[in-house]
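Peer 1: So that we are looking at the same thing, I have put the structure below in structure tokens.
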Amino acid sequence: MIPSSPPRIAAIVHDHSGAPDGLLAAFAARQLAAGHRVRGLVHLPHEPTANGKKRMALMDVTDPASRYPISQALGPASCGCNLDPGGIADASVVLRRALQEHAELAIANRFGTLESTGGGMADELLALMLAGIPLLTAVKLPYLDAWRQFTGGMAIELPAEDAAVQAWWDACRNAPEAAA
């Protein structure tokens with residue numbers, strides 16, 4: 001059976017941390033400038049700290065001044081991941097707002113460590129999918145199997161290339177139900 005419309009869920013699949021971040025940010029800015037109701041989060045470039053750890057933050061695509069720190073200070077001897085689940089929870093309000101505002105497109109910075117185990121922004125991602133709002137995110141190769149299970153195989157996997165992302169978005173916008 002051939003689907004009548006393109007998948008409304010897409011992931012930029014990559015094997016290098018940070019690879020899709022600039023792509024997502026530039027894509028979101030371009031779509032907003034074109035007048036589309038895009039809502040979501042992008043990952044800002046990492047800032048190194050004195051102990052060699054990285055300071056991470058997310059930015060609301062509609063308000064670049066709205067930034068959400070998502071790393072925690074673990075101390076100089078720490079070897080663990082400094083991702084802060086509390087910071088992720090704070091940032092998730094942006095995705096809930098995308099749902100409430102019936103965004104044309106929702107962008108989630110990534111499906112990763114927390115989401116692969118049902119935490120992080122997994123609930124918000126599922127709510128957006130169930131509402132039929134086109135969703136674009138990024139998935140690093142180690143989390144690809146978990147992503148496929150999470151989406152039930154209903155997502156398209158894109159290379160980290162602007163042309164591929166734009167072609168997917170154009171297909172979503174031009175699909176029969178998008179015009180209705």
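Here's the yes/no breakdown for (1) more than 18 Å from residue 169 (Cβ to Cβ); (2) at pLDDT 85 or above:
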{"residue": "31", "(1), (2)": "no, yes"}
{"residue": "50", "(1), (2)": "yes, no"}
{"residue": "74", "(1), (2)": "yes, no"}
{"residue": "112", "(1), (2)": "yes, yes"}
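Peer 1: Still on this model: Could you list all residues from the range 8-27 that are assigned to a helix (DSSP H, G or I) and either in contact with a Cys (Cβ under 8 Å, 6 or more places away or on another chain) or surrounded by fewer than 23 Cβ atoms within 10 Å (Cβ to Cβ) (or both)?
Peer 2: 21, 22, 23, 25, 26, 27
Okay, residues lined up against (1) of a type in the set (A, V, I, L, M); (2) touching a residue at least 12 places away in the same chain (Cβ under 8 Å); (3) out of contact with any Pro (no Cβ under 6 Å at 6 or more places or on another chain):
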residue	(1), (2), (3)
119	no, yes, yes
138	yes, yes, no
152	no, no, yes
167	yes, no, yes
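Peer 1: Kindly indicate which of 161, 157 is open to solvent by 40 Å² or more (accessible area, probe 1.4 Å) and farther than 28 Å from residue 66 by Cα.
Peer 2: Selected residue: 157, the only one of 161, 157 that is open to solvent by 40 Å² or more (accessible area, probe 1.4 Å) and farther than 28 Å from residue 66 by Cα.
Peer 1: For the range 92-113, name all the residues that are in contact (Cβ under 8 Å) with a residue 24 or more places away in the chain and open to solvent by 40 Å² or more (accessible area, probe 1.4 Å).
Peer 2: Once the filter is applied, which keeps residues that are in contact (Cβ under 8 Å) with a residue 24 or more places away in the chain and open to solvent by 40 Å² or more (accessible area, probe 1.4 Å), the range 92-113 yields 96, 97, 99, 101, 102, 104, 110, 113.
Peer 1: Given the conditions (1) over 25 Å from residue 70 (Cβ atoms); (2) touching a residue at least 12 places away in the same chain (Cβ under 8 Å); (3) open to solvent by 30 Å² or more (accessible area, probe 1.4 Å), report the number of the one that residue 131 does not fulfil.
Peer 2: Result: residue 131 fails condition (1) only.
The values are calculated or read from the model by the stated rules, or taken from the named source; none is laboratory data. Being a predicted model, the structure only gives us computed values, none of them experimental. FYI the Cβ positions are ideal-geometry reconstructions off the backbone, even for glycines, and counts take in every protein chain you see. Note: accessible area is taken over every heavy atom of the protein model, side chains too, but ligands, DNA and RNA are not part of it. Shrake-Rupley method; radii C 1.70, N 1.55, O 1.52, S 1.80 Å.
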